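A short worksheet on the structure shown next.
The values are calculated or read from the model by the stated rules, or taken from the named source; none is laboratory data. Worth saying up front: this structure is predicted, and the values here are computed from it rather than measured. So basically every Cβ, Gly included, is an ideal-geometry build from the backbone, and we count neighbours across all protein chains shown. Ligands, DNA and RNA are excluded from the accessible area calculation, which covers all protein heavy atoms including side chains. Shrake-Rupley method; radii C 1.70, N 1.55, O 1.52, S 1.80 Å.
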Amino acid sequence: MKSLMIQGAKIIATGSAIPSSSFSNHDMSKLVSTSDEWIFSRTGIRERRLLKGVDKSIVDLGVVASKKALDKISMHPSKIDLIILATSTPHDLFGSASKLQSEIGAYNAVAFDLTAACSGFVLSLVTASQFLQTGAYSNILVVGADVLSKWVDWSDRSTCILFGDAAGAAILQSCSLINNAILNFQLKTDGNYSKYLSIAYKQNTSAHPQLNIYQGSFKKIYMNGKEVYKFAVFQIPLSILKCLNSINMSVQEIDWLVLHQANERILIAIAQKLSISTNKVISNLRKYGNTSAASIPLALDEAVQDNKISSNDIVVISGFGAGLTWGTIVVRW
Ligand code: UT7
């Protein structure tokens, strides 16, 4: 993918937020027929965080994650030009980014939601980098936030064990071309497989009597786990290789692999296919499960806080999920 660049872009801060309430595999086994042993051995998950309380939403988590990122670099929210909120679980079908904008006081920022499920953060990073590299904006806040607990079928043990709630944020800034740190990206979608992972629209059985319009609501999460698993393990190594090859970079140059935290076995299989040591794979699934659009920024933020990822490291970030959509972005930290 080639894009016209008149200036560079870099990530200058990250932040994250998790709900206070944790829900262990043991707790899960009281809800559905499962066990800690099954969940941990098949997914690597031990517990997840759930957002509880009346009217609590992604906005609450997104605000905390954003403020943490801003505080790290002592940036006033008025400096933000654009907010992209990656989410599939907005608190308002028209979008939640504007609520986030007002709650953090980023009054100069235009704000919109981006819906691409678990790939949402990668697509948002790429979108943000385009606005920066073309010179349109100087500071962009990208937030990945999801509360899939509101959309999980809590009687379906094949999906409810996987998901957790969280938010993560990154602030990107323009810089000189020579310091550009968003080195390359590759994005793909194959809508033929959208049926494998969805929260489908459910129309009412009868139409409005005068208008013949069918209104409705949304169903709960449906996933064909096996197909999504195979797709991720097949496509993500290809996406990473393609992204690296076109900038003459080798797999050996990767310092950290930050993949969408869907399943520990997926992370390991992808690393093995690429002959990357699992020591270079960032994983926090054990504590949070799959937090959808939040999983990558949450993992990034923790890895930075733990002094794993440091300045000049090559970080390869890949997301995948409903759509089916997937993508990779190569970043010099
Ligand atoms: O964020 C979007 C991306 N999502 C993903 O990447 C998810 C990818 N898929 C997966 O991670 C895995 O497919 C799962 C973790 C969802 C399922 O693992 P699996 O190894 O593919 O299990 P399975 O669906 O083949 O089920 C194996 C067995 C079945 O029993 P039988 O038919 O062999 O008797 C299931 O009924 O395990 C049973 N099972 C469970 N047993 C205990 C399914 N869920 C559970 C459960 N506890 N929670």
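Figures for the structure shown
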item: Total residues in the range 268-290, condition touching a residue at least 24 places away in the same chain (Cβ under 8 Å), out of contact with any Phe, Trp or Tyr (no Cβ under 7 Å at 6 or more places or on another chain) and part of a loop (DSSP other than H, G, I, E, B); result: 4
item: Every residue from the range 147-187 that is within 16 Å of the ligand (Cβ to nearest atom) and among the β-branched types (V, I, T); result: V147, V152, T159, I161
item: Number of the exception - G319 against (1) part of a strand (DSSP E or B); (2) surrounded by fewer than 19 Cβ atoms within 10 Å (Cβ to Cβ); result: (2)
item: Test result for S295, of a type in the set (S, T, N, Q), assigned to a helix (DSSP H, G or I) and surrounded by 19 or more Cβ atoms within 10 Å (Cβ to Cβ); result: yes
item: Selection count where residues are over 17 Å from I309 (Cβ atoms), within 22 Å of the chain's Cα centre (by Cα) and among the small types (G, A, S), scope the range 242-298; result: 6
item: Filtered residue count, the range 250-272, keeping only those that are more than 26 Å from V143 (Cβ to Cβ), within 15 Å of the ligand (Cβ to nearest atom) and open to solvent by 50 Å² or more (accessible area, probe 1.4 Å); result: 2
item: Odd one out for Q130 among (1) assigned by TED's automatic domain parsing to the domain that holds A17; (2) outside any loop (DSSP other than H, G, I, E, B); (3) crowded, with 19+ Cβ neighbours inside 10 Å; result: (3)
item: Of the criteria (1) more than 15 Å from the ligand (Cβ to nearest atom); (2) under 22 Å from N25 (Cβ atoms); (3) surrounded by fewer than 17 Cβ atoms within 10 Å (Cβ to Cβ), which one I247 fails; result: (2)
item: Strands (runs of 3 or more DSSP E) wholly inside the range 8-110 containing at least 2 residues that are free of Cβ contacts under 8 Å to residues at least 60 places away in the same chain, crowded, with 23+ Cβ neighbours inside 10 Å and of a type outside the set (S, T, Y); result: 82-86
